[in-house]
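The values are calculated or read from the model by the stated rules, or taken from the named source; none is laboratory data. From a predicted model like this one, the values you see are computed outputs, not experimental measurements. Because the Cβ atoms are built from the backbone with ideal geometry, glycine has one as well, and the counts that use them run over all protein chains shown.
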Amino acid sequence: MSITVADKGLVTVFGGSGFVGRHTVRALLKRGWRVRAAVRRPDLAGFLQPLGMVGWVQPVQANLRHPWSVARAVEGADAVVNLVAILAETRSQTFEAVHVDGARAVVEAARDAGLDRITHISAIGADPDAPSDYARTKAAGEAVVLETLPQSVIMRPSIIFGPEDQFFNRFAAMARISPFLPLVGGGHTRFQPVFVGDVAAAIADAVEGRAAAGTTYELGGPEVESFRDCMEIMLKEINRRRLLLPLPWGIARFMGGIFQNLPGRLLTVDQLKQLRRDNVVSDAAVSEGRSFEALGIEPTSLAAILPTYLWQYRRQGAYERRAA
């Protein structure tokens, strides 16, 4: 017996092969959308194709620095999602080029293609007056999107966790070899970790018109945890004891100045500036209906997801039971 899935149309997802991108592609496919994954290296995005029916996922080459490639990727699409972002700058990829100029290329291409909105992913903390370049350019990118297509939907997630995340995975990997973990600024910065699957569901809702046009949503999980809390939760999950060493801001800044010039960019001065501010959903977003609750999404807890992928950092992997 054949299974027929309604074809709702075509969505171009910029950054479709990234961490959030692959989950967004899956969420859209499950709802009956065809997906054009616009990425710099389509030859490395083949893993997306088995997520949907044959022919429903099409990786295409696009580079936000080349508007012609962006326009080509948007041509014929019924909706557009922009997920492209960077956490640290390189010579060829600056915050300004990716977060601002890149956002402009996507939204102008969508406008020229006859669309009245896009779904643009930003971040909690985006602020034109923020001390970090990352947060300032995120805010500038939002402004460009809303000025060009005012009905666009902005999604600002807190720190995102999931199988391929760069937060819990990074510190868990560090805990395997280091006797201590640094707590920048004492580890007091607060986060509201949000599951990548919930963020993908919110993006799919926006594509389907279930999010209020011209609205900026803030997405956070059910728990607000400090940096120290997050490290303790992670260590308990991987059954390892490590010294949590408070790192004063001055020393952290000195280390960031060194590490940002090394391969991998484990820590940068700009990231330290971001850590000086809490990363949680604002009271205004909740009261104004700009959170998960307004979208009818019940956010997933850390306890429900972390065990599904952090087991790999235990000494005996999946064969080792987590300590009570």
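Mind telling me which of the residues Arg41, Arg65, Arg72 ends up being more than 21 Å from the chain's Cα centre (by Cα) and of a type in the set (Lys, Arg)? Just a single option satisfies the conditions, and that option is Arg72. Considering every residue within segment 27-44, establish whether at least one is of a type in the set (D, E, K, R), over 23 Å from Ser152 (Cβ atoms) and outside any loop (DSSP other than H, G, I, E, B). Within segment 27-44, one or more residues are of a type in the set (D, E, K, R), over 23 Å from Ser152 (Cβ atoms) and outside any loop (DSSP other than H, G, I, E, B). For beta carbons closer than 9 Å, sequence separation of 6+ or different chains, a first residue in segment 297-317 that is within 18 Å of Val199 (Cβ to Cβ) and a second that is surrounded by fewer than 10 Cβ atoms within 10 Å (Cβ to Cβ) and of a type in the set (Asp, Glu), there are no qualifying pairs. For segment 140-183, which residues satisfy the criterion of being touching a Leu at 6+ places or on another chain (Cβ under 8 Å) and assigned to a loop (DSSP other than H, G, I, E, B)? Scanning segment 140-183 gives Leu149, Ser152, Ser158, Gln166, Pro179. Given the condition of a type in the set (Phe, Trp, Tyr), within 30 Å of Thr137 (Cβ to Cβ) and either part of a loop (DSSP other than H, G, I, E, B) or modelled with pLDDT of 90 or more (or both), answer yes or no: does some residue in segment 253-264 qualify? So far as segment 253-264 goes, no, none of its residues is of a type in the set (Phe, Trp, Tyr), within 30 Å of Thr137 (Cβ to Cβ) and either part of a loop (DSSP other than H, G, I, E, B) or modelled with pLDDT of 90 or more (or both). Out of segment 276-313, which residues are buried (at least 19 other Cβ atoms within 10 Å of the Cβ), of a type in the set (A, V, I, L, M), touching a helix residue (DSSP H, G or I) at 6+ places or on another chain (Cβ under 6 Å) and not in a helix (DSSP H, G or I)? Result: Leu306, single match. Within segment 34-70, the residues that satisfy the criterion of being among the β-branched types (Val, Ile, Thr) and within 28 Å of Phe95 (Cβ to Cβ) are Val35, Val39, Val60, Val70.
When each of Leu243, Leu262, Leu247 is tested for being in contact (Cβ under 8 Å) with a residue 40 or more places away in the chain and exposed (fewer than 15 other Cβ atoms within 10 Å of the Cβ), the lone residue that passes is Leu243. Across segment 189-245, the number of residues qualifying as over 30 Å from Pro150 (Cβ atoms), among the acidic types (Asp, Glu) and assigned to a helix (DSSP H, G or I) comes to 3. Among residues of segment 61-98 being assigned to a helix (DSSP H, G or I) and in contact with a Phe, Trp or Tyr (Cβ under 8 Å, 6 or more places away or on another chain), the one that is nearest to His23 (Cα to Cα) is Ala73. For segment 267-324, a residue qualifies if it is modelled with pLDDT of 95 or more and at positive phi, and the qualifying residues are Gly289, Gly296.
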